[in-house]
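*Asks:* One structure, as structure tokens, below. Some questions next.
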Amino acid sequence: MLIAQLPVAGEDDDRLRATKSNNSSQDHAALQEYACDRSNLPWIIFRAAHRANHIAALPARSRSLLAALARTVDANRPFAAIFARRELLTGRALQSMRTFYRSLDDLECEGFIARPPQKRHGDAGLFGRAYLHLTEKAAALLGLVEEPTARADPLASTSAAQATRDSTSLSLRVPCASVADGAIYKDLNPTTQKRQPASLPADLHRLLSLGFHQFLIFKLMREARLQSKRLSDVVEVTWDHLKHAQHPISYLRALLRSPVDFTHHIRAKVAARVEIERANAKAERIRAEVQHHAGGIFFDSSNERRFVLSEDGTEITVHHCREMKARVRTGNWAEEFVAALEGGVLEPATFQRETAFTSKLAATEEGQSVRRQMPKPVRTAAIAQSLSDMKRLLQHACARQLLPARLT
């Protein structure tokens, strides 16, 4: 082993020299690892995040999530929806998904955030996103808005927060803090599910009395849908034959495979039923209207006819001013009477109308009495001779018209 000695003059070539390092790439990686976020936050957002981290009444997890929300919210619109995914918020709050949901429940219970119900898309029927909103309490506490001069009553704010929590349905709060994140709540109806998630329709319960099992009915509903039919329509149209069939299951499946449009039959039956109900309602309305005006007297607009309803409303008497006796109307007079009454053709009797009709009737009676008093014409010899000449003339004219037809 050589003994280390200090370098002396003349031994410059033998001196130890500092070696050059080639770890520039490692130094660059180290700088990148220790680099931080270079984004500049507005002062109001920085203050809001600082205040959120120093709220002593909240747990540490809730303070971290509130600070993440304060960094994400729009300073100009603090009450607007916070457009941020769960991955972004959990990354900024350094929390797992379960802790994230627990923190949301804590903030909602304290009245710092509001979670509106999840809405559906109108065209596809799928669930949309559920956005978070800061409440007035949180915005004022974080300094995003000016604090009110008068402090609100804590009991009133607590009751309002409780009412808001009660109004939100429990089914809209899933996933909650007690479930895991993943496919447990995302896939509610998996393809491997062997139980039906819905209940049997009410109009198909009668199939149970024919020996159909509940799950068989669900299977038949699927088969009917594949054949562009509805099992309810098929059962409704063919129920009278189906309940007397020896093998109702095979018969029903044969009906599903048939090219018959059972929906058209249902629409026809519904239309006929609606027409019958409309006719019955109209007849009932006419009967009630006739019973309401039973025993009444009516006149037309010219006061030439007088209508008298019987006390029981079963018949109507019509008296024309040019006739000496009244006539009893038969047939379907009630419908025409109600139509004329509603159309303003008939009007209730008044003293003036009775007087006008009586005067016209008296004039008619006077004219008939005058015609009865006039002498009847006497048939003289000249009149008889004229009638005989007219008869002979007509006979000769008819004979001349028939003669060419006989010759042909």
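Read-outs: derived from the displayed coordinates by stated rules, not from any lab. Please read these numbers as outputs of a predicted model, since none were measured by experiment. Positions of Cβ are backbone-derived with ideal geometry, glycine not excepted, and every protein chain shown enters the neighbour counts.
*Asks:* If each residue's Cβ is checked for other Cβ atoms within 10 Å, how do MET390, MET221 rank with the fewest at the top?
*Replies:* Numbers: MET390 10, MET221 19.
Ranking MET390, MET221 by Cβ neighbours within 10 Å, fewest first, gives MET390, MET221.
*Asks:* Another question, if that's okay. Show me, for region 96-111, the HN-Hα J-couplings you get by feeding each phi into the Karplus relation (A = 6.51, B = -1.76, C = 1.60, θ = phi - 60°), rounded to Hz, glycine and proline as x.
*Replies:* With coefficients 6.51, -1.76 and 1.60, one gets 7, 5, 5, 5, 4, 5, 5, 5, 4, 5, 5, 5, 5, 5, 7, x Hz.
*Asks:* Provide the gained length on full extension for the span ALA245 to ALA399, in nm with one decimal, where the gain is 0.36 nm per separating residue minus the Cα-Cα distance. Working shown, then result.
*Replies:* On the way: separation 154, 0.36 × 154 = 55.44 nm, distance 7.82 nm.
Extending this stretch completely gives an extra 47.6 nm.
*Asks:* Please give the contour-minus-distance gain from LEU88 to PHE215: 0.36 nm per residue of separation, less the Cα-Cα distance, rounded to one decimal in nm.
*Replies:* Details: separation 127, 0.36 × 127 = 45.72 nm, distance 4.45 nm.
Gain in length upon complete extension: 41.3 nm.
*Asks:* Could you tell me which trypsin sites (Lys or Arg not before Pro) in region 233-276 are loop residues by DSSP with no more than 13 other beta carbons within 10 angstrom of their beta carbon? Working shown, then result.
*Replies:* On the way: sites: LYS243, ARG253, ARG257, ARG267, LYS269, ARG273; in loops: LYS243.
Passing sites in region 233-276 are LYS243.
*Asks:* Taking 23 Å as the cut-off for C-alpha to C-alpha distance, list the pairs among LYS219/LYS269; LYS219/LYS243; LYS229/LYS269; LYS119/LYS229 that go past it. Before the final figure, lay out the partial values.
*Replies:* Values: LYS219/LYS269 27 Å; LYS219/LYS243 19 Å; LYS229/LYS269 17 Å; LYS119/LYS229 31 Å.
Exceeds cut-off: LYS219/LYS269; LYS119/LYS229.
*Asks:* By counting other Cβ atoms within 10 Å of each Cβ, how are CYS109, CYS398, CYS321 ranked from fewest to most? Mind dumping the intermediate values first?
*Replies:* Numbers: CYS109 13, CYS398 10, CYS321 19.
Fewest to most other Cβ atoms nearby, the residues stand as CYS398, CYS109, CYS321.
*Asks:* Oh, and also: Tell me the label-point distance for the pair LEU226, ALA326, using the 7 Å Cα-to-Cβ offset, in nm and rounded to one decimal.
*Replies:* Spacing of the two 7 Å Cα→Cβ label points: 7.5 nm.
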